[in-house]
Amino acid sequence: MSENFFFNPGDSIASEYDFDSAYVAAQIYRKKIERPILITREKDGKPYFVFDEAAALAEEKAEAKRFEVVHRLQ
């Protein structure tokens, strides 16, 4: 079951073409803020984006794109 959220890509914490690099960035940021972090991807072949999960709950904007959650760090 896939989970989708809408984000403005400009609000991302990091973007990487390599999952492992995105995961490391997510772990570092997760330790700083102590809130859930999402590693997402728009579609195959596109970079991974790291977002603060709270950004998903913010008001949707016209620039928002759909991203599939690949991994969640609690």
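Results, tabulated for the structure shown:
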| quantity | calculated |
| --- | --- |
| Tally of residues being closer than 13 Å to residue 74 by Cα and surrounded by 15 or more Cβ atoms within 10 Å (Cβ to Cβ) across the range 17-35 | 4 |
| Residues of the range 34-59 satisfying the condition of being modelled with pLDDT of 90 or more and assigned to a helix (DSSP H, G or I) | none |
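The values are calculated or read from the model by the stated rules, or taken from the named source; none is laboratory data. The shown structure was predicted, so the numbers you read here are calculated from the model rather than taken from an experiment. When we count neighbours, we look across all protein chains shown, and the Cβ atoms used for this are built from the backbone with ideal geometry, even at glycine.
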